[in-house]
Amino acid sequence: MAQPLSSLANKVTGKITEPCGLKQIIGHHEIKERLFQAQKHGRLPSTFLLVGPDGVGRKKLALALAQSLVCEVPVSQRELGGCGSCGPCLRIAKAQSEALLLIAPEKNTIKIEQTSRVLEFLSLQAISKARVIIIDSAHLMNPTAANTLLKILEEPPADCYFFLIAPGPQHVLPTLRSRAQVVRFSGLSLEEMKTKSTAAEWALRACQGSFSRLAGFQDPDELETRDFAGRFLEMWLSDRRAFMTPEWKNMIKDRVGALSLTRYVGLLLRDAIISKVVLASSAKEIQKNSQIINADKIDLILKLTSLELSLLQKMSQNIFRLEGALHANRDTQLSFEEFWLS
């Protein structure tokens, strides 16, 4: 006899640390409304591919829709999402639901053993209105795991919904993509980010609407690297051979730190180019413009705008080449020296 699904609840579900109702999700109003209306009218597809940047709410939306699918209150009596207070809704929110299976990469890959758990999950006796399988970072499935999932998606069981999460449609197998409805997520707006974070203005602008990126910008090492990027550009403006200093050489010893440094230098150069091309060269106008990321480094930006536009553009192009060289594992110090000498 089939084993009740509840017996595997703690084993197969992951940890959810925040409320997962549709109303609690920041932004993506059109996506939330469209999917809820599709559920309400019985037109919800069985498989979704949620694509977009990390940290913008793809997984949270999948969890919120899972809550809506298992909610005991009839969907016709709800405004948006699940009620949030019935037993099934609460169990989804507490990661104790017999209706939910979460799969995430282990050591940066999803193996066949993990997708095989989907078969085990579906073989159990269902005791909920719907069952939901969420595969986070679906692009990290190895070929065998992806083919196992494909066989399931070809004939999905009734009242069973799959949510595959990936950076973009091109990152998953075409055969998987063809069986899913693609839902595209963009970064959150600055105003939406501010409703959940009191981070510095520059970080909120630089993160491009991603809470994952924002968290990275709060790391003490990242803040130190950003400050050094500003200091070095100040040094370079007065001495073009500043890259020979011990402080500089020490900073670029670590490849990860060096990559971070290139990003911050690139952002400062970007601000200088925008200020020179689009804005009048006054501190007040530059600081109030939402296009400028590093508004707190206005003095440096103004100094950079004193350079010829062609030089700023060449430096910006070279910083992208430098980042590419570092990703290609070229010698870090040599790559930086070539960047500045050019």
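The values are calculated or read from the model by the stated rules, or taken from the named source; none is laboratory data. Bear in mind the structure is a predicted one, so any value in this text is a computation, not a measurement. Using ideal geometry, Cβ is built from the backbone for each residue, glycine included, and neighbour counts are taken over all protein chains shown.
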Restricted to segment 114-134, and to residues that are hydrophobic (A, V, I, L, M, F, W, C) and without any contact (Cβ under 8 Å) to a residue 60 or more places away in the chain, which residue is farthest from Cys89 (Cα to Cα)? Leu119
Filter segment 48-73 down to the residues that are under 11 Å from the mean Cα position of the chain (by Cα) and either among the aliphatic types (A, V, I, L, M) or part of a helix (DSSP H, G or I) (or both), then identify the one that is surrounded by the most Cβ atoms within 10 Å (Cβ to Cβ). Arg58
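Every residue, every condition in (1) under 23 Å from the mean Cα position of the chain (by Cα); (2) charged (D, E, K, R), yes or no:
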{"position": "Cys83", "(1), (2)": "no, no"}
{"position": "Leu90", "(1), (2)": "no, no"}
{"position": "Leu100", "(1), (2)": "yes, no"}
{"position": "Lys111", "(1), (2)": "yes, yes"}
{"position": "Leu122", "(1), (2)": "no, no"}
Near pairs, Cβ below 8 angstrom, 6+ apart or cross-chain, from segment 22-47 (more than 19 Å from Arg179 (Cα to Cα)) to any residue that is of a type in the set (Lys, Arg) and outside any helix (DSSP H, G or I): Ile26/Lys196
Assigned by TED's automatic domain parsing to the domain that holds Gln317 and assigned to a loop (DSSP other than H, G, I, E, B): which single residue out of Ile292, Ile274 fits that description? Ile292
Pairs only if they're at least six apart or on different chains, beta carbon under 8 angstrom, first in segment 223-242 and surrounded by 13 or more Cβ atoms within 10 Å (Cβ to Cβ), second basic (Lys, Arg); list them, first residue then second. Gly230/Lys297; Glu234/Lys303; Leu237/Lys303
In segment 319-338, what count of residues is obtained for those that are part of a helix (DSSP H, G or I), surrounded by fewer than 19 Cβ atoms within 10 Å (Cβ to Cβ) and of a type in the set (S, T, N, Q)? 1
Residue that is crowded, with 16+ Cβ neighbours inside 10 Å and modelled with pLDDT of 95 or more, where the choices are Leu122, Leu164, Leu153, Leu149: Leu164
For the structure I just gave you, tell me whether Met251 is closer than 24 Å to Asp219 by Cα, among the aliphatic types (A, V, I, L, M) and surrounded by 13 or more Cβ atoms within 10 Å (Cβ to Cβ). yes
Out of curiosity, is Arg231 of a type outside the set (Ser, Thr, Tyr) and not assigned by TED's automatic domain parsing to the domain that holds Glu337? no
Across segment 250-269, what is the number of residues that are touching a residue at least 60 places away in the same chain (Cβ under 8 Å) and either touching a Phe, Trp or Tyr at 6+ places or on another chain (Cβ under 8 Å) or of a type in the set (Val, Ile, Thr) (or both)? 3
Can you confirm whether Ala203 is crowded, with 16+ Cβ neighbours inside 10 Å, out of contact with any His (no Cβ under 8 Å at 6 or more places or on another chain) and within 23 Å of Leu63 (Cα to Cα)? no
Out of the residues in segment 167-191 that are hydrophobic (A, V, I, L, M, F, W, C) and out of contact with any strand residue (DSSP E or B) (no Cβ under 6 Å at 6 or more places or on another chain), which is surrounded by the fewest Cβ atoms within 10 Å (Cβ to Cβ)? Leu190
Identify, please: which residue in segment 170-222 is touching a residue at least 24 places away in the same chain (Cβ under 8 Å) and basic (Lys, Arg) and is, among those, farthest from Asn294 (Cα to Cα)? Arg179
Here the residues within segment 243-256 that are farther than 23 Å from Gly324 by Cβ and touching a helix residue (DSSP H, G or I) at 6+ places or on another chain (Cβ under 9 Å) are Met244, Thr245, Glu247
